[in-house]
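The values are calculated or read from the model by the stated rules, or taken from the named source; none is laboratory data. Here the structure is a predicted model, which is why all the values come from computation and not from measurement. Quick reminder, even Gly has a Cβ in these numbers, built from the backbone with ideal geometry, and neighbours come from all protein chains shown. Keep in mind that these areas ignore ligands, DNA and RNA; they rest on the heavy atoms of the full protein, side chains included. Shrake-Rupley method; radii C 1.70, N 1.55, O 1.52, S 1.80 Å.
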Amino acid sequence: MNRLVITFLFSVAVLSPLSASGWNIRRQGNTFIIQAGDFIRSIQIEGTHIRTTSLKVASNELLPGASPEMAFVISRAFPNRQPQRMETFDESQAVQSSAAFRNTDALEITASLFTFVDSLRWEDALALKSDEWSSCFNVLTPVISAPGKGITRLTLRVRGVDSDIIPDVSVALHYEIYDGYPAIRQWVEVVNNSSRWYKLDQLRLSLLPVGQILTDIIPLTPDDEAVEASIRSFSSRDGKYGLILGSEVPSATRLLDVRSGEMGYADSYFEWILKPAGRFVSEAVSYFAWHGTVETTPTAVSTPLDRCIESAYQQYLDNCLGVMANNADLRAPRYCTWSNYGEFITEEIARQIIPIAARCGFNTFQIDDGWQYDELGTEPDSKKFPTFDALCRLVAEENMHLGLWVSCFRSADSKDLRVLPYAMSLPPVKRLSGYGMGFAGDWRYYYAQDLVYLNDRYGAKYFKQDFTNIRLGDLAITHESNSRKESYLRALRGLLESQAMIREMSPDITTLISHEIYWGTPGVPCDLAVMKNVAFYHIPPNDYSGLGSGGKYRKQLVAEYASQCDPQQVRKELLTGCWNARQRYFAHRGLPLYMLEYYGAATANVGAALTTDIQDRQVCSFLMGAPVVYAGDLLSLTEENILHYKKRFDLLKQLHEKYNIYRHFQYSGVPRPTDEEWHWWGKLNEDGCGVVIVLRGSSGDSTRQINIPWVKTDKKYILKSLFAGKELGEFSGKQLHDGKLKLQLPTWGQEIIEVKTQKN
């Protein structure tokens, strides 16, 4: 082994001027100071050792001591070759999957996973942490650059020169700050310029143990089953300062530790094979700092964390990470055929309900599973839909956009497999008559282009993408993955890449992916990776409240089972569905809520249970985000139901055009969601104009003090109850902060209050 000589190289770029007052990266001796406003991080260099020695928010230290930046394990292949993969298969190797519908849509795997054996061994595993790198790396090169307007980046790259431990392997740590945002975003790049094959695993992108100091930890997207939250807040005990940690690692491959705050990849689902001349660039993780006072309002407590989440953090997501939904048509409200018609949908039924959907005021009519000849592909079933082209034109003639359900499974005689016979993932995953396709191969490009074809041919503007095979792995020799564990991340990246391609090729298309295609059911919450690449996400679980206990009568026409139902019980279920939607939206409050589709408003009227009050509660509950999906038997709606939906949807359209209400959500300083007492939230723009949605549950006083802490104190506002059609008067912003507004509602009542200035 050659003796390592430590070399410390500084790029000339280190001497570049500060990017902005309070936002800069500078060198002080062997320490790099990253300053993003009141958020300051100190990274110390000793030879090639790299560690964070300080992390402060408004002078509050968040680390118990110095911490390494990142860690990973790297192993060599013996013999030195590419891992073997599957080229052929027989049916005995297939994994049988089927949808078993119970309380939620659950995926059952009815056969054990096929085991593929390769004689390749991974040996000489080397565990490396950034503060112990001198045994392998002896040259460190730092570079400070400005890759974009308002962006400053620090890169710390290490490599072993004249070292035979992991020769010609380099690691680069990247850190970015964005002018105006107290955030530090970071990722890792590993390059293999050697002739050897390596395996990378146990990758941690950040090891800062902020959870030891910031002990109040709250998930801002849900922790569901095998998939951890993508956003967590870590707060001080007094709630006055802390960090929001975010991971852009997709789905189940993500690790964001609930106790320490360690971020990286889940060991169970991640490894990466570094081929000669190979390169791995990780997803990014970020820290967003906040601090302020805990304020008592007339009805609740307003924390600096809540105020940060609903304002500054949302702006950071939009302006720095990117929110696909901001560049896409919301297509709201949308109607989906699934709950009562299911895969049994036919052209005859569709032709009956399309005019009803139009009369209700739906923007988009989405035909769910069942329109394809094999229930899986993208070619119409000519028996069930003999004039599919004409049917699609009918949707447009009724002034609605067409939506179609599609999956990532294809039958053996599909056009996909005729063009790309190697496109299925291996070992094969079977569902109905088809096979799961590989997003880690060229099929992802075919798939994206095929959806654009459906747009060109049938006028489809919205796609709901469903069914999963990604979590079962892919070892196909024609695909990019070198191992089953590597295929998880590759396929997830391929799925997200296909969505970005669709957007690039046809910006008028709106895409949605379901929780199932993203990993499995029931599970997985929306995350930052989805937010950046997909317009909408179908959050779990599917809610069939209003279709019998646990959705007992789903996939049936109401006329076939109405006599077997108690209308009062159905009414309770419909109310429960509204409450479930609000809870699920609130659990995702770290993300832009308008990109979330909660499947829970049942437009099915069983024994007159769907009253106009229930319709109003559906409209209000979905206004935590946007009313993006309704499903139910439209044939069961009364004329009153149809006219009332139209009235309310027209109102929402006017309000959104006027105030952009869907893209806002304020909840700080008011009661949290409940289905017993009162609670409310805001949909106000930057001027404090928009709407406030107020709901009363099963109890509470009939009259309630309503404070609106999100308006400007120096402005005057005119308020009106839109459901009641009643002028509420003029208030100063301070009066609304102080709770001078009082509102009266019956139990299970709701109201939308318009808040506007004189000029509006």
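Okay, here's what the table says:
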quantity	calculated
Distance between modelled label sites at Ala226 and Leu722, nm, 7 Å Cα→Cβ extension	4.3 nm
Global geometry of the chain, whether rounded, prolate or oblate, following the gyration tensor of its Cα atoms and the 1.5 cut on a/c	oblate
Residue-averaged [θ]222 nm for the chain, counting only DSSP H segments that reach four residues, each worth -39500 (n - 2.57)	-6000 deg cm²/dmol
Accessible solvent surface per residue of the chain, calculated while the other protein chains remain in place, 1.4 angstrom probe, Å²	35 Å²
In order through the range 257-270: 3J(HN,Hα) via Karplus (6.51 cos²θ - 1.76 cosθ + 1.60), integer Hz, x for Gly, Pro	4, 6, 10, 8, x, 4, 10, x, 10, 5, 4, 5, 10, 9
Restricting the range 228-315 to GluC sites (Glu not before Pro) in coil, as DSSP defines it, with at most 15 other Cβ within 10 Å	none
Simple spin-label estimate for Asp613 and Asn80 in nanometres, 7 Å along Cα-Cβ	7.8 nm
Gained length - Gln758 relative to Thr88, 0.36 nm times residue gap less alpha-carbon distance	234.1 nm
Peptides ranked, highest mean first, by Cβ atoms within 10 Å: ranges 53-63, 575-585, 519-529	519-529, 575-585, 53-63
For peptides 542-550, 371-379, 653-661, sequence by mean Cβ density within 10 Å, most packed first	542-550, 371-379, 653-661
From phi via Karplus (6.51, -1.76, 1.60), per-residue ³J(HN,Hα) for the range 745-760 in Hz, x at Gly/Pro	9, x, 4, 6, x, 8, 8, 10, 9, 7, 10, 9, 8, 4, 6, 7
³J(HN,Hα) computed for each position of the range 552-569 - Karplus, 6.51 cos²θ - 1.76 cosθ + 1.60, integer Hz, glycine/proline x	4, 9, 5, 6, 10, 6, 4, 4, 7, 9, 4, 5, 8, 10, 8, x, 5, 5
Amide H partners (placed H, <5 Å) of Trp681, local residues excluded	Ile693
Global form of the range 721-760, assessed from the alpha-carbon gyration tensor, a/c cut-off 1.5	oblate
Label zone at Arg259, where the point sits 7 Å out along the Cα-to-Cβ direction: the range 209-226 residues whose backbone N lies under 17 Å	209-219
Packing-based ranking, highest mean first, of 715-725, 481-491 given that Cβ atoms within 10 Å are counted	481-491, 715-725
Global form of the range 483-577, assessed from the alpha-carbon gyration tensor, a/c cut-off 1.5	prolate
Gain in span if fully extended, Thr346 to Asp701, counting 0.36 nm per residue against the direct Cα distance	122.9 nm
Hydrodynamic radius by Kirkwood, which averages 1/r over all alpha carbon pairs of the range 389-451, in angstrom	13.2 Å
Loop-located trypsin sites (Lys or Arg not before Pro) in the range 132-162, at most 13 other Cβ atoms within 10 Å (DSSP)	Lys149
Value in Å of the Kirkwood radius, where the range 399-508 supplies the Cα pairs that are averaged	14.2 Å
Euclidean distance between Cα centres, the range 697-750 to the range 131-154, Å	53 Å
Cα-centred dipole magnitude for the chain, charges only on beta-carbon of K, R (+1) and D, E (-1), debye, nearest 20	1560 debye
Cα→Cβ-extended label distance, 7 Å offset, between Glu560 and Glu676, nm	4.0 nm
